[in-house]
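Here's the structure we're looking at; comments come further down.
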Amino acid sequence: MVQTMQDGGFSATAAVAINDEIVILWKKFSEISIGHCSRLCNSVAHELARQALLQKSSQIWMDDPPSSIFHLLVNDVTVFVNQ
């Protein structure tokens, strides 16, 4: 996805509808950049997706993150800062 967006957003894959939506949102910003984040820095996203698949529902939180991902947030920030 990162490479697709860096190449202008064109995709001929099954994800074309998602890419099109991202391009529309992307153009609303006056300045924006995108970059790849290593899997080590992305454990929070992975865990949230896993929980959503298992629970078959979504969650909304206003202030504090769910306790089930707090340790992952700390780890992601630590890995990211040390890169």
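The values are calculated or read from the model by the stated rules, or taken from the named source; none is laboratory data. Keep in mind that this is a model prediction, so the values were computed, not measured. As a convention, Cβ positions derive from the backbone with ideal geometry for all residues, glycine included, and neighbour counts pool all protein chains shown. Areas reflect the complete protein model, heavy atoms only, side chains present, ligands, DNA and RNA absent. Shrake-Rupley method; radii C 1.70, N 1.55, O 1.52, S 1.80 Å.
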Residue by residue through segment 55-71, note down the ones that are open to solvent by 100 Å² or more (accessible area, probe 1.4 Å) and closer than 11 Å to Val44 by Cα. Phe70, His71
If you go through segment 33-54 one residue at a time, how many are among the β-branched types (Val, Ile, Thr) and modelled with pLDDT under 80? 1
Scan of segment 23-54 for residues that are open to solvent by less than 100 Å² (accessible area, probe 1.4 Å), without any contact (Cβ under 8 Å) to a residue 40 or more places away in the chain and part of a helix (DSSP H, G or I), ordered by number: Val23, Ile24, Leu25, Trp26, Ser43, Val44, Ala45, Glu47, Leu48, Ala49, Gln51, Ala52
Within 16 Å of the chain's Cα centre (by Cα) and over 16 Å from Val2 (Cβ atoms): does that describe Ser67? no
